[in-house]
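What follows is a set of notes on a single structure, which appears directly below.
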Amino acid sequence: MSEPQFNEVIHAPMRLRICGMLHSAGEIEFAAIRDMLGVSDAVCSKHLKVLAENGYVTLDKRPGNRNGHDITWVSLTDEGTEAFASHIAALQLIAGMA
């Protein structure tokens, strides 16, 4: 079990939702994340950039068949998985659920 540790980077609502999605699904296409969050490309990109800069997600561009554009796939890194689990454990402590 992860040691509870509150994480300011992950705690932002959009980033918390992104990490939760990725934790459950493994790998998700950028457009699917954007659509699930109901935000613009720019907003989604901004949050993914912060997560990537902190080593929590990887962004993998692969050839796609949508108008010849590459498709970006997003997944949690091992560090991101651990940070998310630690953050959730800290939230559970705060809520008195642990």
Please list 3J(HN,Hα) in residue order for the range 52-58, calculated via the Karplus relation 6.51 cos²θ - 1.76 cosθ + 1.60 where θ = phi - 60°; whole Hz, with x for glycine and proline. 5, 4, 8, x, 8, 9, 10
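Can you tell me the order of 25-37, 78-90 when each peptide is scored by its average per-residue count of other Cβ atoms within 10 angstrom, highest first?
78-90, 25-37
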Where in the range 78-98 is the amide nitrogen less than 20 Å from a point lying 7 Å along the Cα-to-Cβ axis of Met36? 78-89
Round to the nearest 10 and give me the degree value, 0 to 90, for the angle of helix 78-94's Cα axis relative to the longest principal axis of the chain. 40 degrees
Just from the alpha-carbon atoms, what are the Rg and Dmax of the chain in angstroms? 14.2, 50
Using the Cα centre of the chain as origin and beta-carbon charges of +1 (Lys, Arg) and -1 (Asp, Glu), tell me which of Met21, Thr81, Asn7 is placed farthest towards the positive end of the dipole. Met21
Scattering profile of the range 49-98 from the Debye formula, Cα beads only, expressed as log10 I(q)/I(0) at q = 0.18, 0.22 Å⁻¹, is -0.66, -0.79
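Taken together, the values in this text are just the output of simple stated rules run on the coordinates, not laboratory data. Model, not experiment: these values are computed from the prediction. We place every Cβ from the backbone using ideal geometry, glycine too, and count neighbours over all the protein chains shown.
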